Amino acid sequence: MLKRLFRYIRALFASLLGQVENPEVILEQAREELRENLLKNKERAVQAITERNRLRAEVEKLERACIDLERRAEMALRKGDRDLAKQFLMEKASYQRSLEAVRQALAQAEQVVEQVKLAIKRDEERVRQKTAEILAQKARWKSAQIQNSINKALEGMSVDDVSRDLERVEDKISRAEAEAQARAEMARESVTGRLAQLEDYAASQAAEEELEALERRLGLAPTQETSPVQSVQNELS
């Protein structure tokens, strides 16, 4: 039992090892890794674009706040409330400082987005090139496998064996052709014989009729005895 289990584990390990060393498996793994890396980079690009859009919205929000605070300060001055106007302007200054920081972050985010887009384009081109190379290498591997299979098949086959096989095939073909010709000839002869018999019978009948006519014309035709019924009928007619 233990020996059988050991043989099974060893066979399984050898099979797995063979798969790992299989060039087709290695190429497919490389292709999958390229595809996964491209997907990861695209996900990073999505995150970068999302952050840029968030910063854009934040800039617009802060700009509206600054405009609104300035408008409130003007209204307060028109009403003569200078202290309130000053408070609005101080609050506007705080928003402006935040706005400048967000604008700087937005500028950096815009650069990151452009860099990520360029990187994705390069990755896509690289993936296309590597995929083409992988497919070409897989085709070469399959071609080599087929050639090896053919060579292995030819190793156990001699020219004499092939020649004998070809001779046997040629003999069978010749016999089949001869048999077909014989059957066709027999069929033709059978039809021809039946036609000849019909023609002979027709010729014999025609000659017999012509002979009887000639005998009647020469008066050599044999006389036929008339029956009493025929004599009465002749007299009545």
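Selection of the range 56-80 for residues being of a type outside the set (D, E, K, R) and exposed (fewer than 14 other Cβ atoms within 10 Å of the Cβ) yields Ala57, Ile67, Met75, Gly80.
Residue pairs whose Cβ atoms lie under 9 Å apart, separated by 6 or more positions or on different chains, with the first residue in the range 132-156 and touching a residue at least 24 places away in the same chain (Cβ under 8 Å) and the second surrounded by 10 or more Cβ atoms within 10 Å (Cβ to Cβ) and among the hydrophobic types (A, V, I, L, M, F, W, C), are Ile134/Leu27; Ile134/Ala30; Ile134/Leu34; Gln137/Leu27; Lys138/Leu27; Trp141/Leu27. The selection criterion, being in the same structural domain as Lys138 (by TED's automatic domain parsing), of a type in the set (Asp, Glu) and within 30 Å of Lys142 (Cα to Cα), does not hold for Asp81.
Looking at Ala178, Ala132, which one is aliphatic (A, V, I, L, M), within 30 Å of Arg35 (Cβ to Cβ), surrounded by 10 or more Cβ atoms within 10 Å (Cβ to Cβ) and at pLDDT 80 or above? Unique residue meeting the criteria: Ala132.
Does any residue of the range 81-95 turn out to be of a type in the set (Ser, Thr, Tyr) and surrounded by 15 or more Cβ atoms within 10 Å (Cβ to Cβ)? Yes, the range 81-95 contains at least one residue that is of a type in the set (Ser, Thr, Tyr) and surrounded by 15 or more Cβ atoms within 10 Å (Cβ to Cβ).
The values are calculated or read from the model by the stated rules, or taken from the named source; none is laboratory data. Since we're looking at a predicted model, the values are computed, not measured. In this analysis, Cβ positions are derived from the backbone assuming ideal geometry, glycine residues included, and neighbour counts consider all displayed protein chains.
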